[in-house]
Amino acid sequence: MRARAPASSANLGPGFDALAVAVDRYVTVEVEPAPSLVVETEGEGAGLFDDASHLAARVAEHFRDLAEVLGHDRVSVRVRSQIPLARGLGSSAALAAAAAAAAGHEDPFAVAAAHDGHPENAAASVFGGLVAATTVEDRPVHAPLPLSSDLAFVALVPDRNLATPEARGVLPESLSRADAVFNLGRMGLLLAGLADPGHLVADATADRIHQPARTALFPEAPVLLDALVDAGCLASCWSGAGPTLLGLCLASRLTEVAARAESALAGSGLEGRVLSLRADRRGLVYGDEADVTL
């Protein structure tokens with residue numbers, strides 16, 4: 001069986017570990033019977049590592065967890081990915097969701113959430129669109145949220161890794177009530193703006209939980225976030241744990257804004273790339289529809 005899942009951008013500023021949106025970069029996983037476990041990878045992440053951190057090894061580990069679903073672990077796993085690894089675009093959640101679906105698991109969302117450790121990226125990759133997600137009584141739950149079709153995204157992807165455990169390691173252990181109220185207010189503004197871009201203001205993606213703390217790991221981020229707004233984005237934020245930075249813009253201006261973001265990235269002296277993205281509203285797909293172009 002073959003399944004495809006989209007990338008995702010989580011947090012979106014104030015929605016730490018609660019919000020995510022699916023975007024149109026994809027990973028496809030194909031599973032077939034084989035004499036023993038074989039993992040083949042193409043595209044993003046293929047051949048970058050030769051140890052347990054390699055994408056193929058992570059898929060293999062996941063399939064050991066899924067052995068009871070298949071009844072055995074004698075499968076060939078082929079992975080084709082457009083999603084940059086360790087960049088804050090939900091590559092592991094998308095991979096786990098596609099792998100679980102391709103293996104025939106009845107609940108790819110639960111598998112992906114368990115693999116990722118928190119459910120928002122998994123929910124976006126499985127269900128598509130803009131989602132809120134959390135864990136209730138040890139089970140991942142999600143809810144779809146309104147997302148305007150007039151919005152698109154510009155992702156500024158630096159050529160540097162920022163592993164999620166490292167990014168989580170710098171977060172504060174506690175927050176003041178003022179900081180909690182700050183984030184709740186900004187998240188209300190953000191949700192209104194995502195539903196209707198006429199209400200989207202740059203301050204809607206401000207945050208006091210994770211973005212300021214993570215700046216120590218990516219000091220150039222504040223300047224580049226401002227540059228995305230200067231390029232024409234309505235707001236900007238970290239994508240997940242970073243280092244990718246996400247600009248929210250009008251879809252009608254996507255080409256123009258992306259070109260300006262390219263210039264800003266070049267002017268910063270950082271190596272990287274700019275991706276023009278639109279929301280994926282389908283989530284997991286199966287069979288012939290589940291291919292990706294590399």
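Points worth noting:
- Options LEU248, LEU275: the member that is open to solvent by less than 10 Å² (accessible area, probe 1.4 Å) and aliphatic (A, V, I, L, M): LEU248
- If the condition is being under 15 Å from MET1 (Cα atoms) and modelled with pLDDT of 90 or more, then the range 64-91 contributes only ARG80.
Table: residues versus (1) under 19 Å from MET187 (Cα atoms); (2) at pLDDT below 95; (3) under 18 Å from the mean Cα position of the chain (by Cα); (4) not small (Gly, Ala, Ser).
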site: LEU217; (1), (2), (3), (4): no, yes, no, yes
site: ALA227; (1), (2), (3), (4): no, no, no, no
site: ALA235; (1), (2), (3), (4): yes, no, yes, no
site: LEU246; (1), (2), (3), (4): yes, no, yes, yes
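- Taking the conditions (1) over 16 Å from the mean Cα position of the chain (by Cα); (2) under 16 Å from SER8 (Cβ atoms) in turn, HIS142 satisfies each one other than (1).
- Cβ-Cβ under 7 Å pairs, at least 6 apart or on other chains, the range 19-39 side in contact (Cβ under 8 Å) with a residue 12 or more places away in the chain and acidic (Asp, Glu), far side open to solvent by 10 Å² or more (accessible area, probe 1.4 Å) and part of a loop (DSSP other than H, G, I, E, B): ASP24/ARG278
- With respect to the stated conditions, GLU220 is acidic (Asp, Glu) and touching a helix residue (DSSP H, G or I) at 6+ places or on another chain (Cβ under 9 Å).
- Some residue of the range 34-48 being more than 21 Å from ASN161 (Cα to Cα), at pLDDT below 85 and crowded, with 22+ Cβ neighbours inside 10 Å: no
- Residues satisfying the stated conditions in the range 226-241, i.e. buried (at least 20 other Cβ atoms within 10 Å of the Cβ) and either under 13 Å from LEU270 (Cβ atoms) or among the charged types (D, E, K, R) (or both): ALA227
- Residue check, VAL292 of a type in the set (A, V, I, L, M), touching a Leu at 6+ places or on another chain (Cβ under 6 Å) and outside any helix (DSSP H, G or I): no
- The range 270-289 - residue that is in contact with a strand residue (DSSP E or B) (Cβ under 6 Å, 6 or more places away or on another chain) and part of a loop (DSSP other than H, G, I, E, B) and, of those, nearest to ALA101 (Cα to Cα): LEU284
- Exactly one residue out of LEU294, LEU270 is more than 27 Å from GLU220 (Cβ to Cβ), at pLDDT below 95, surrounded by fewer than 22 Cβ atoms within 10 Å (Cβ to Cβ) and out of contact with any Phe, Trp or Tyr (no Cβ under 9 Å at 6 or more places or on another chain): that is LEU294.
- For the range 218-269, the tally of residues that are assigned to a loop (DSSP other than H, G, I, E, B) and aliphatic (A, V, I, L, M) stands at 3.
- Residue within the range 181-196 that is farther than 26 Å from GLY117 by Cβ, modelled with pLDDT of 95 or more, over 21 Å from the mean Cα position of the chain (by Cα) and in a loop (DSSP other than H, G, I, E, B) present: yes
- Residue list for the range 176-210, filter: open to solvent by 20 Å² or more (accessible area, probe 1.4 Å) and polar (S, T, N, Q): SER176
- Residue that is nearest to ALA124 (Cα to Cα), among those in the range 229-267 that are among the hydroxyl-bearing types (Ser, Thr, Tyr) and in contact with a strand residue (DSSP E or B) (Cβ under 9 Å, 6 or more places away or on another chain): SER239
- Considering the range 1-33, and only residues there that are surrounded by fewer than 24 Cβ atoms within 10 Å (Cβ to Cβ) and charged (D, E, K, R), the residue that is modelled with the lowest pLDDT turns out to be GLU32.
The values are calculated or read from the model by the stated rules, or taken from the named source; none is laboratory data. Fair warning: this is a prediction, and the values are worked out from it, not measured in the lab. Don't worry about glycine lacking a Cβ; one is built from the backbone with ideal geometry, like all the others, and counts go over all protein chains shown. Note: accessible area is taken over every heavy atom of the protein model, side chains too, but ligands, DNA and RNA are not part of it. Shrake-Rupley method; radii C 1.70, N 1.55, O 1.52, S 1.80 Å.
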